[in-house]
There are 2 protein chains.
Amino acid sequence: MTKLTNALFFLLFISLALSVNAQAPVWTEIEPGIWKAAVGEPETYDLLEASGSEPGKEALAAMGTAEFPFSEREISAEIIDGKTYLRFPLEKKEQIYGFGLHFQTVQQRGRILRLHVDHYDGEDNGRTHAPTPFYVSSRGYGVFINSARYIDVYAGTAVRKESKNPPVARDRNTDENWTPRPYSDAVEMLVPAEGAEIYVFGGPGSLDAVRRFNLFNGGGCLPPRWGLGFTQRVHRLSTAEDVKKEADAFARKGYPLDFIGLEPGWQSKSYPGTFEWDKGRFPEPGEFVMDMLEKGIRLNLWINPYVSPASPIADSIARYTGSHTVWAGTVPDFTIPEARRIFFSQLKKDQADIGVSGYKIDEVDGYDKWLWPDVATFPSGHTAEQMRQTYGLLMQRYSTEMFRQRNTRTFGLVRASNGGGVRFPYVLYNDYYDHRDFITALINSSFAGVLWTPEVRASETGEEWLRRIQSVVFSPMAMINAWSSGTQPWSFPGVAPAVKEMALLRMRMMPYWYSEFAKYHFQGIPPFRAMNLEEGFAAGPESVVQSSSLEENPYEEAFTREVKDQYMAGEYLLVAPMFAGEKSRKVILPRGKWYDFYTGEYVGGGEVITVSPGLDKIPVFVKDGGIIPLMPPLLHAPAQGEKTDLEIRHYGEKPGRYMLYDDDGVSYDYERGEYSFREIIVEKNNGKEWEGRISAAEAGKPNTVGKVSFTFMTEDDELR
Amino acid sequence: MTKLTNALFFLLFISLALSVNAQAPVWTEIEPGIWKAAVGEPETYDLLEASGSEPGKEALAAMGTAEFPFSEREISAEIIDGKTYLRFPLEKKEQIYGFGLHFQTVQQRGRILRLHVDHYDGEDNGRTHAPTPFYVSSRGYGVFINSARYIDVYAGTAVRKESKNPPVARDRNTDENWTPRPYSDAVEMLVPAEGAEIYVFGGPGSLDAVRRFNLFNGGGCLPPRWGLGFTQRVHRLSTAEDVKKEADAFARKGYPLDFIGLEPGWQSKSYPGTFEWDKGRFPEPGEFVMDMLEKGIRLNLWINPYVSPASPIADSIARYTGSHTVWAGTVPDFTIPEARRIFFSQLKKDQADIGVSGYKIDEVDGYDKWLWPDVATFPSGHTAEQMRQTYGLLMQRYSTEMFRQRNTRTFGLVRASNGGGVRFPYVLYNDYYDHRDFITALINSSFAGVLWTPEVRASETGEEWLRRIQSVVFSPMAMINAWSSGTQPWSFPGVAPAVKEMALLRMRMMPYWYSEFAKYHFQGIPPFRAMNLEEGFAAGPESVVQSSSLEENPYEEAFTREVKDQYMAGEYLLVAPMFAGEKSRKVILPRGKWYDFYTGEYVGGGEVITVSPGLDKIPVFVKDGGIIPLMPPLLHAPAQGEKTDLEIRHYGEKPGRYMLYDDDGVSYDYERGEYSFREIIVEKNNGKEWEGRISAAEAGKPNTVGKVSFTFMTEDDELR
């Protein structure tokens, strides 16, 4: 009898095992360390199709391959009820990050999300400007679902009967250990389509997985140099004269400025738009743009893509628009070539061709109450849901393409993106305007394949103004957005000198920022990124727990508490913004030694420190051996061909190495090899005195480096 | 040329007309004034299937037919992308109500909802305990989508290019009349399935459409008489002795009490549950239940349906449970007969058979973080989504069935319902506990085919306590829920006498409440309902606008502002609850004449009045000619066969007529005709003196009426 039972159980086991196997996706390594599986019948229109992204094969090859991070049988994929059911395993202490641009949380294990492009409305529920279906594990891998659908995510919340590590049932009446959220061993996802492509990105580290994801999407964007300067957006009804005056005021007062953003009033009508200049406010657009360029100021134009009946393209584009209107404007179906041709011809002829540098693409995110409903139809046959998930991608893609055809880089703002959008030269933004949460978004942008600006608008006090300026200066776009407030950098006289100093610091650091963006492009490393991607920050379970006090043991803390107010900026900098009202703050330093950015003094390593930097400083720390190349505090980014001197700073006691990027700063010629990385080395000669050197400029390649000097920031007697 | 153009336009028109026709659903009048259309391939498992509801054909026949409220060509239905796209027209001034149990809004035009069974989380977005896919128009019709899916609703928000009344595009730069929400002429819905049954309910009035919907679902529930008495829920770990003491305290202090609710601690384990008595706290359940019944007190037991491994049914039900657990308990698939047999046999044997009167069915609503995920599967093959939308229906249906097999009515609490659940003897509740919003939910319950209790738990002050007691007394279930707070009616000594008076008023009004519930059952009229269903409240556009002041012109106001803090209770009463902190409030009186419930004095009609009733009164007003039958202030509902005297009150200057319902109060024999409606008439003899009479008791039918007296509340010299 026992034998029979055993035999039956064995048969049951085999059949279960087989049925599990039958659901296991088949993985193919399509690039080194990147595996793909097609589940069911993947749709032809997906995030990669919409974005048109192509893998950066050379860069991926340079990374080499990796271990497949799962036992393949642990992954399950099934088509049920016309939907794709996915399950990926989680280990006990594993943490996961990603699933888009959240504002209040970094670690996502334990969350339930519906990934849905939308304006962020104060809750991390998956409705956000870039709900990228990509997550990164603390175990050093990433997973991407290439679907332009609203994906439901159960990130370590759903508990299966068949779990290998099921939670124990407890009696809530009497058991104090009862929990409303029992342990779950999987990420489960529901893709509302009869199939999907899924991708796994290997490590070994979490940053490696992120790099593979970014490179797979073509690598990060490389902005033009001017894009990394300072930008001011003016009042929505500003005239050409107002704009010129604004630029002149910046110059007169000595504040840097590279581009000015014009808001809806540049158009003859807006919401919906005509996509042509308002003849009253801008009677001679061509002349105006040229005048501004002569001042060293580029122009960026606000648009949203909804077409006014008064637009010159209204009639010709009508047949290529969706069934529903947005603010009574038609919604172009940009998946149709003719729709793109009509729309972008208007932008090109009227704006790009006269020298406009880029756009701020608004309202491609949400809300539901504003955009087309999910019952809308589009002439291409793509559904409203697919269009919602990809509209930001499409606008980025084809506007970039327009500038690319002129061999001119652009750098702009966009309110929605998604997986596949990594390479687009756009920075995300919104109206949410919570300083702390803006920093959390900046952190999460590194998992979502997007850039984010914690823009400055209005402020209650000079203190808040300066604190916000400080953090936007350490972000992808140093912007004051004064479309409504009319604020200017000097709006709070008490802090105006400190604001100027910060803005000039932004300019001085341009060689660093530009090189870091080049690494975003060529190596996939996000220039602004979560501490969780930094080696030595989240130590593995093998790290010795010195104390049960979270204060004294940041590694443990990194696992158990959200770190969402400090981030890495480029290869060497750790930025810990101050918020209005704070006199001091805690900073978690990863393992290794860290130095004050301003003084070069040693501040600590592998510990939590408290800093009280005063109002005029944002706490910034440099990794041991860090090198920061600076240029003089110019008011505009160097023009094409302009040479600038370099002051190269070295921090700490380790020798330093840095790859300084250089190209023409404006064109796409770098894609044809017209660029160089110059190696900077700082080390001790005979082990005694610090000495720095930079490799020679490559013959025939753009070279913007003038005189080079070295500053060794950390005194020997400060070394420990 | 002109002729040719005309001909072409004609052809275009014809083909457009044909293509619209091709999408127009085909309507069949399935009951008088009720039309059905099948769109695509409706699923076999839907709300009506889950609830097992059958139309009340006789009652519907008695209502007669109605006009189909649309031009059929205006309705569109299409299957696209595996989903059902529906569109119903809206007229310019039309208002719509319904789409479930909202807590903050009554009028739904302009809202976007996803109908999803869930705990209400503070936002009217469609996630609620009863997201019934039914809406009612101010034009006097209703629409029901019979689908157990998460339906997306654009209730007058989506704007089509092809609209007959398209909004005008405006320039936001300069036009002050620009609006972010342009006019929409339709309700559009997305049902994520390849078909759905849709129903239209005719009027002529909005209440008629609601009645047809309710009767189509079998009519409202008829609770047992004791269900309309007072109920107290005790602390979760109460013992049998504690419960007896509680009942004795009520009796000793003279507070009415009909049933006591036991919370999770009655079970040996909970969350997940064993569904058997805890032997420590309840050593002799059978004896205990009998003792309580002898005191005139019934018992109601808290459960949620998730099965503990320690339950006696754990093993036998295992194969009929879903793939995922809830608090480590299995989730029975109640669409499988064997699952029901196992589960309800346990409840019957252990509880119903020893005299337990009913259940409080918790956590069949949400949250997502607690319940099974949408990726769960169930052995019946029904999807997690379908189960989520119907689990509350299934629990209500089969628990009711269990009692019905004993020919015993039950009356309990449930946390989730949906379309089809009208006839179930359950009242919805939640933990949200906002007094004002609880009243809004009570109002909305009348559009959702459910009952709602604004239960009383704890209170900050005696004032709040009394105000909450006052409104719960004018609701479907007069309940104190003290599972956590341990409060009792006399917990605030300062207001204890006033609380007692309210509780006794509840008992005195039992003949009225019982008759009104009978009308819910036999005529489909919600006993507690929105003002918008009251004739003379929302006047049509033809009503004379006397003033542009909203204060002075309530009809106009009813169109333009939410009325969500007053409601109708039964045929004649208008209830306007007071909230803690208020000394006075405004009340909108519909057209006609209205009288103070307590004094019979005339208060107004067709106007906004301000009342300052003092702490011990809740403002209640009686319609002209209103009749309210009262019984003596007993501490328990009359037992089966017990006769009680009637005091019949008449209000106002119109003659009165009332249909008094009577039956045995406990069994289902009324379904076999064992009931009577006795006609009460109040009129002036010779046009001079008020005189009342009641029709004779029907021979052979239950008769609980003892002596009858009449009180004419309104003095002649008060008449106007």
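Listing for the model above:
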| quantity | calculated |
| --- | --- |
| Length released on extending from residue A:432 to residue A:401, taking residue separation times 0.36 nm less the Cα-Cα span | 8.2 nm |
| Relative contact order of chain B, defined on C-alpha pairs under 8 angstrom at six or more residues apart (%) | 12 percent |
| Spatially proximal aspartates and glutamates relative to residue A:93 (Cα-Cα < 19 Å; intrachain offsets below 8 disregarded) | A:74, A:185, A:188, A:534, A:535, A:542, A:556, A:557, A:562 |
| Global geometry of chain B, whether rounded, prolate or oblate, following the gyration tensor of its Cα atoms and the 1.5 cut on a/c | oblate |
| Prolate/oblate/rounded call for the stretch B:2-216, Cα gyration tensor, a/c under 1.5 rounded | oblate |
| Computed E for residue B:562/residue B:176 - FRET, C-beta separation, R0 22 angstrom, nearest 0.05 | 0.30 |
| Under Karplus coefficients 6.51, -1.76 and 1.60, residue-wise ³J(HN,Hα) of the stretch A:265-276 in Hz, glycine/proline x | x, 5, 8, 5, 9, 9, 6, x, x, 9, 6, 9 |
| Approximate spin-label separation residue A:310-residue A:54, in nm, with each point projected 7 Å along Cα-to-Cβ | 4.2 nm |
| Nm distances between copies for residue A:583, ranked from closest, using label points 7 Å along Cα→Cβ | 4.4 |
| Area hidden from solvent between A and B (accessible, protein heavy atoms only, 1.4 Å, total, Å²) | 4700 Å² |
| Size of electric dipole in the protein assembly as shown: Cβ of Lys, Arg +1 and of Asp, Glu -1, about Cα centre, debye, nearest 20 | 160 debye |
| Rounded to 5, the percent of DSSP beta bridges in chain A classed as antiparallel | 70 percent |
| Residue (of A:520, A:456, A:605) at the positive-pole extreme of the protein assembly as shown, dipole from beta-carbon charges | A:520 |
| Cα-centre dipole for the stretch A:2-216 with unit charges at Cβ (Lys and Arg positive, Asp and Glu negative), debye to 20 | 720 debye |
| Prolate/oblate/rounded label for the stretch A:203-317 (Cα gyration tensor, a/c 1.5) | oblate |
| Teacher prompt: residue B:689 distances to equivalent labels in other copies, 7 Å Cα→Cβ, nm | 12.7 |
| Within the protein assembly as shown, percent of DSSP bridges classed antiparallel, to nearest 5 | 75 percent |
| Added length on full extension, which subtracts the Cα-Cα distance from 0.36 nm per residue, residue A:484 to residue A:685 | 66.7 nm |
| Rounded to whole Hz, the Karplus (6.51, -1.76, 1.60) HN-Hα couplings of the stretch B:168-185, x for glycine and proline | 7, 6, 10, 8, 5, 4, 9, 8, 5, 8, 4, 10, x, 10, x, 4, 10, 10 |
| The stretch B:627-719: antiparallel DSSP beta bridges as a percent of all, rounded to 5 | 75 percent |
| For residue A:614, inter-copy label distances in nm, listed shortest first [label point 7 Å out on the Cα-Cβ vector] | 7.0 |
| Amide H contacts under 5 Å for residue A:161, placed H, 5+ residues apart | B:324, B:325 |
| Percent RCO, i.e. relative contact order, over the stretch A:13-123, from Cα pairs under 8 Å lying at least 6 residues apart | 22 percent |
| Built amide H within the under 5 Å cut-off of residue A:233, gap 5+ | A:261, A:480, A:481, A:482 |
| Cross-link partners of residue B:583 among aspartates and glutamates (Cα-Cα below 18 Å; sequence separation of 8 or more within a chain) | B:460, B:463, B:464, B:565, B:596, B:616 |
| Anchor residue A:593: lysines whose Cα lies under 16 Å away (excluding residues fewer than 8 positions away in-chain) | A:623, A:654 |
| Accessible area expressed per residue, the protein assembly as shown, with surrounding protein chains retained (probe 1.4 Å, Å²) | 35 Å² |
| Rh (Kirkwood; distinct C-alpha pairs) - the stretch B:112-265, Å | 20.4 Å |
| Check: chain A dipole with +1 on Lys, Arg Cβ and -1 on Asp, Glu Cβ, in debye | 260 debye |
| Charge dipole (chain B, unit charges on Cβ, about Cα centre) - positive-most of B:39, B:115, B:286 | B:286 |
| Axis-proximal residue, chain A, for the rotation superposing A on B (Cβ, Å) | A:82, 3 |
| Placed amide H near residue A:414: partners under 5 Å, 5+ positions off or other chain | A:361, A:427, A:428, A:429 |
| Loop trypsin sites (Lys or Arg not before Pro), the stretch B:630-660, which have at most 16 other Cβ atoms in a 10 Å radius of their Cβ (DSSP) | B:643 |
| For the stretch B:86-100, 3J(HN,Hα) per residue [Karplus equation, 6.51 cos²θ - 1.76 cosθ + 1.60, θ = phi - 60°, Hz, x = Gly/Pro] | 10, 9, 10, x, 10, 8, 4, 9, 5, 10, 10, 10, x, 6, x |
| Helical mean residue ellipticity (222 nm; -39500 (n - 2.57) per DSSP H run of 4+; nearest 500) of the protein assembly as shown | -7500 deg cm²/dmol |
| Taking the stretch A:2-216 and dividing mean pair separation by its residue count, relative contact order in percent (alpha carbons under 8 Å, at least six apart) | 26 percent |
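The values are calculated or read from the model by the stated rules, or taken from the named source; none is laboratory data. Model, not experiment: these values are computed from the prediction. Note: ideal-geometry Cβ built from the backbone for every residue, glycine included; neighbour counts use all protein chains shown. Protein only, heavy atoms only, side chains kept; ligands, DNA and RNA dropped before computing areas. Shrake-Rupley method; radii C 1.70, N 1.55, O 1.52, S 1.80 Å.
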